[in-house]
1. When you look at Gln327, is it open to solvent by 70 Å² or more (accessible area, probe 1.4 Å), closer than 30 Å to Ala151 by Cα and out of contact with any Asp or Glu (no Cβ under 9 Å at 6 or more places or on another chain), yes or no?
2. Going residue by residue through segment 245-267, is there one that turns out to be more than 20 Å from Thr347 (Cβ to Cβ), more than 16 Å from ligand 2 (Cβ to nearest atom) and surrounded by fewer than 19 Cβ atoms within 10 Å (Cβ to Cβ)?
3. Based on what the data block shows, is Thr23 assigned to a strand (DSSP E or B) and either away from ligand 2 (no atom under 13 Å from the Cβ) or under 23 Å from Ala162 (Cβ atoms) (or both)?
4. So, Thr43, is that one of a type in the set (Val, Ile, Thr), more than 15 Å from Val99 (Cβ to Cβ) and within 9 Å of ligand 1 (Cβ to nearest atom) or not?
5. Quick check on segment 28-61: of everything there that is more than 15 Å from ligand 2 (Cβ to nearest atom) and part of a helix (DSSP H, G or I), which residue is least open to solvent (accessible area, probe 1.4 Å)?
6. Return a yes/no flag: does segment 266-281 have any residue that is closer than 24 Å to Arg156 by Cα and away from ligand 1 (no atom under 16 Å from the Cβ).
7. Among helices (runs of 4 or more DSSP H) lying entirely in segment 62-153, which contain 2 or more residues that are under 22 Å from Leu185 (Cβ atoms) and open to solvent by 10 Å² or more (accessible area, probe 1.4 Å)?
8. For segment 79-108, how many residues are more than 18 Å from Asp163 (Cβ to Cβ), more than 16 Å from ligand 2 (Cβ to nearest atom) and of a type in the set (A, V, I, L, M)?
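The values are calculated or read from the model by the stated rules, or taken from the named source; none is laboratory data. Please read all numbers here as calculations on a predicted model, not as lab measurements. Glycine gets a Cβ as well: all are built from the backbone with ideal geometry, and neighbour counts include every protein chain shown. Surface accessibility is based on the protein's heavy atoms, side chains included, excluding ligands, DNA and RNA. Shrake-Rupley method; radii C 1.70, N 1.55, O 1.52, S 1.80 Å.
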Amino acid sequence: MSSSVPKIRFILVGGFLGAGKTTTIARLANAFREQGQNVGIVTNDQATDLVDTHALRGAGFDVGEVAGSCFCCNFNGLEAAVRELESHQRPDVILAEPVGSCTDIVATVVQPLRRLYQDAFAVAPYGVILKPSHGRKILSGAAKAGFSPNAAYIFRKQLEEADFLILNRMDELSPDEVSQLGELLGSAYPGVPVVRTSAKTGAGFDALLQMLDQQGEFGRRILDLDYDVYAEGEAELGWLNSSLRITATEPFALDDLALGIVQRLQQSLAASNSEPAHLKVIGISGGSHAVANLVSSDTPAALSLASNRRTCRANAVVNARASVDPQILEQHVRTAVQETCRSLEATAEFVRTQSFRPGRPSPTYRYAEAV
Ligand SMILES: Nc1nc2c(ncn2[C@@H]2O[C@H](COP(=O)(O)OP(=O)(O)OP(=O)(O)O)[C@@H](O)[C@H]2O)c(=O)[nH]1
Ligand SMILES: [Mg+2]
């Protein structure tokens, strides 16, 4: 690429499963679009059929996808997704969401982008979102943090490599909770700036945009990481992606389908003492989308996008990540889908299901020293 062509801004938004990466990216993308900039988004998952891709495309964004392995282990897939976006319309800004169970993003993604694409991309400071529900327990060292020590290790390492931290879900936190989380972050990651946001309301996004705008020595916090512990932590999660076709003779509410599946999954996982990392379901009918989520055992299931649509035919995608054996997770999902459909007098056909434990990460590149 000639040096006269302006560089594409490359923004990675990190954070644990369910932290609010996709919601943050959608809001940032809207902000850039309002400034007249072309925006491309890259989503990422260990398998195909991504709720995030459907949700962001449904919101009208140009979305490339790396499905089947994470950016770190398939850097070539990230390159290909970016080239594909460029072939539609050259983006001014690319927003990319790494998989929420991955860490070492600076050494395996940020540094390769900076080294191999220094003329093409201006890589923004790397921000990582703190998920309050699990963060409060993990950072305070609570005995029952919901996840195993190995998964908690990943959670902490994700925050450790950030140039700045994003304390999200401000709309739900009391002033006491905000100061408690601020203190936990301050003692675990001294000197790292913290931006307070609500991706739901947009609070704090001016400060977030300013943080991302900074130029300088960023993306250099290379982790000292034990890949054995990291691999074990990831493998302790059950991972499931399913795509479904739902039919009924009388119209049913698409929102009830998405929320009903998530609520039933919440109940059955709680009954088996399995901590959800993130359960998400998208219902799609015509141009309408309904999205429901659950981010932890002690927060309510939420309809994050209402469609207000009734229909006799819909497609649905279920993405579930929880600390449970993947085969058992699949049983939970099948039962939750069947029971929800029965209550709506609808029938579900499972088109494709992938359920597994994430494999040991093996990065395409890993730079142990920063440039
Ligand atoms: N109340 C509130 N909810 C939020 C906020 N940000 C995200 N959420 C909700 O949290 C849930 C998870 O958000 P996502 O943006 O999907 O999280 P993610 O980090 O992309 O999750 P993964 O892709 O699974 O790793 C959704 O229900 C969002 O609507 C926020 O600031 N406030
Ligand atoms: Mg996401």
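1. When the stated conditions are applied, Gln327 passes them.
2. Pass one, segment 245-267, residues more than 20 Å from Thr347 (Cβ to Cβ): 266-267.
When the remaining residues are screened for being more than 16 Å from ligand 2 (Cβ to nearest atom), the result is 266-267.
Adding the requirement that they be surrounded by fewer than 19 Cβ atoms within 10 Å (Cβ to Cβ) leaves 267.
Within segment 245-267 (the criterion being more than 20 Å from Thr347 (Cβ to Cβ), more than 16 Å from ligand 2 (Cβ to nearest atom) and surrounded by fewer than 19 Cβ atoms within 10 Å (Cβ to Cβ)), the answer is yes, since at least one residue qualifies.
3. Taking the combined requirement at face value, the residue does not satisfy it.
4. no
5. Ranking the qualifying residues of segment 28-61, first place goes to Phe32.
6. Yes.
7. Details: elements: 75-88, 111-116, 132-139.
Counting at least 2 such residues, we get 132-139.
8. Qualifying residue count for the region: 3.
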